[in-house]
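Below you'll find the structure, written out as structure tokens, and then a few comments.
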Amino acid sequence: MSPLAKKSLFWDTNIDNIDLLKHKRYIIERILKFGTLTDYSWLSGMYSKDEIKEVIKRERSELDKKSLNFWLYIYNIV
């Protein structure tokens, strides 16, 4: 199942209106913050490593401190 179909990730959004390219940052942030390993596997197949890293490094990221530190470590971002 695509993570986009999960209300637990996108509870505040009409899923039918999500565009994979237009809402890339939003999708990546939600999955990195609230997703499972299966969701992350889908994410890493959908977007490149550089696209994901770009969202993680973003100054005004929606990631909470704990999630941000985890993904900074995983992607070896200093």
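Which residue pairs have Cβ atoms closer than 7 Å, lie 6 or more positions apart in sequence or on different chains, and pair a first residue in the stretch 15-32 that is under 18 Å from Glu62 (Cβ atoms) with a second residue that is of a type outside the set (A, V, I, L, M) and part of a helix (DSSP H, G or I)?
Lys24/Glu51; Ile31/Pro3; Ile31/Asp39; Ile31/Tyr40; Leu32/Ser67; Leu32/Trp71
Based on what the data block shows, is Ile52 at pLDDT 95 or above and either within 11 Å of Pro3 (Cβ to Cβ) or not in a helix (DSSP H, G or I) (or both)?
Answer is no for this residue.
Restricting to the stretch 5-17, name every residue that is surrounded by 15 or more Cβ atoms within 10 Å (Cβ to Cβ) and either of a type in the set (Phe, Trp, Tyr) or touching a helix residue (DSSP H, G or I) at 6+ places or on another chain (Cβ under 6 Å) (or both).
Answer for the stretch 5-17, where residues must be surrounded by 15 or more Cβ atoms within 10 Å (Cβ to Cβ) and either of a type in the set (Phe, Trp, Tyr) or touching a helix residue (DSSP H, G or I) at 6+ places or on another chain (Cβ under 6 Å) (or both): Leu9, Phe10.
Scan the stretch 19-34 for residues that are farther than 26 Å from Lys65 by Cβ and of a type in the set (A, V, I, L, M) and report the count.
Number of matching residues: 2.
Restricting the stretch 1-35 to residues that are among the small types (Gly, Ala, Ser) and part of a loop (DSSP other than H, G, I, E, B), which is modelled with the highest pLDDT?
Residues of the stretch 1-35 that are among the small types (Gly, Ala, Ser), as a first pass: 2, 5, 8, 35.
Restricting the remaining residues to those that are part of a loop (DSSP other than H, G, I, E, B) gives 2, 8, 35.
Values: Ser2: 84, Ser8: 87, Gly35: 94.
The qualifying residue modelled with the highest pLDDT is Gly35.
Could you tell me which residue of the stretch 36-49 is farthest from Asn69 (Cα to Cα), considering only residues that are assigned to a helix (DSSP H, G or I) and small (Gly, Ala, Ser)?
Looking at residues that are assigned to a helix (DSSP H, G or I) and small (Gly, Ala, Ser), I get Gly45.
In this structure, is Leu72 touching a residue at least 40 places away in the same chain (Cβ under 8 Å), on the phi < 0 side of the Ramachandran plot and part of a helix (DSSP H, G or I)?
No: the conditions fail for Leu72.
Suppose the filter is touching a helix residue (DSSP H, G or I) at 6+ places or on another chain (Cβ under 9 Å), surrounded by fewer than 16 Cβ atoms within 10 Å (Cβ to Cβ) and on the phi < 0 side of the Ramachandran plot; does Arg30 pass it?
On the way: touching a helix residue (DSSP H, G or I) at 6+ places or on another chain (Cβ under 9 Å): yes; surrounded by fewer than 16 Cβ atoms within 10 Å (Cβ to Cβ): no; on the phi < 0 side of the Ramachandran plot: yes.
No.
The values are calculated or read from the model by the stated rules, or taken from the named source; none is laboratory data. Computed from a prediction, not measured in an experiment: that's the story for all the values here. No Cβ is skipped: glycine too gets one built from the backbone with ideal geometry, and neighbour counts run over all protein chains shown.
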